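This report refers to the structure that appears directly beneath it.
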Amino acid sequence: MTPKSFALVVATIGLAFAAAFVWIVIPPLLQHPDILGAFAAGFVNPYSSGYALDAICCWLVLAAWVAYEAKAEGIRHGWIALVLGLAPGVATGFAFYLLLRMRRRGTTRGHRRQAEDA
């Protein structure tokens, strides 16, 4: 897979999840604007609790990665990925971070920055 096609796939998945989140979650949230109740609803049974806990842990891993690469690689604006990871969700935040990282590293056009190759 080329870097350009990878970026397209990742962006499509991130945007598709964001659209699905808006379509599925926002209407009931507008009817009953209880954000804590909506969060707690993810833990109504053992199966949904497992998925909710997985999403929370994935966000924590993403947060650690963003913090690490901010210092180690100089990747800025990773905080946007963490906000997107809270809403609409980790799929969108992670997709954003991968695209941000590719742009910083110069791999979105099929090659790395020349400075890194030297």
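The values are calculated or read from the model by the stated rules, or taken from the named source; none is laboratory data. All figures in this text were calculated on a predicted structure; none of them were measured in a lab. Every residue, glycine as well, gets a Cβ built from its backbone with ideal geometry; the counts of neighbours run over all protein chains shown.
When you go through Phe39, Phe17 one by one, which is the residue that is modelled with pLDDT of 95 or more and part of a helix (DSSP H, G or I)?
Working: Phe39 fails: modelled with pLDDT of 95 or more.
Going through Phe39, Phe17 in turn, just one is modelled with pLDDT of 95 or more and part of a helix (DSSP H, G or I): Phe17.
Please determine, by comparing only the residues of segment 68-80 that are among the small types (Gly, Ala, Ser) and touching a helix residue (DSSP H, G or I) at 6+ places or on another chain (Cβ under 8 Å), which one is surrounded by the most Cβ atoms within 10 Å (Cβ to Cβ).
Residues of segment 68-80 that are among the small types (Gly, Ala, Ser), as a first pass: 70, 72, 74, 78.
Cutting the leftovers down to touching a helix residue (DSSP H, G or I) at 6+ places or on another chain (Cβ under 8 Å) gives us 70, 74, 78.
Working: Ala70: 14, Gly74: 8, Gly78: 22.
So the residue we want is Gly78.
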Go through segment 42-77 and count every residue that is of a type in the set (D, E, K, R) and assigned to a helix (DSSP H, G or I). 3
Selection within segment 86-108 - farther than 18 Å from Ala7 by Cα, crowded, with 18+ Cβ neighbours inside 10 Å and either of a type in the set (Gly, Ala, Ser) or in contact with a Ser or Thr (Cβ under 7 Å, 6 or more places away or on another chain) (or both): Gly89
Output the qualifying pairs, or none if there are none: Cβ atoms under 9 angstrom, residues six or more apart or on different chains, first residue in segment 94-118 and over 23 Å from Ile80 (Cα atoms) and of a type outside the set (Asp, Glu), second residue modelled with pLDDT under 50 and assigned to a helix (DSSP H, G or I). His111/Asp117
If Ala72 meets every condition in (1) under 29 Å from Met1 (Cα atoms); (2) modelled with pLDDT of 95 or more apart from one, which number is that one? (2)
The number of residues in segment 67-83 that are within 11 Å of the chain's Cα centre (by Cα) and in contact (Cβ under 8 Å) with a residue 24 or more places away in the chain is 0
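If the requirement is being surrounded by 13 or more Cβ atoms within 10 Å (Cβ to Cβ) and out of contact with any Asp or Glu (no Cβ under 9 Å at 6 or more places or on another chain), which of these qualifies: Val10, Val83?
Val10
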Which residues, taken from segment 53-94, are closer than 15 Å to Phe21 by Cβ and hydroxyl-bearing (Ser, Thr, Tyr)? Thr92
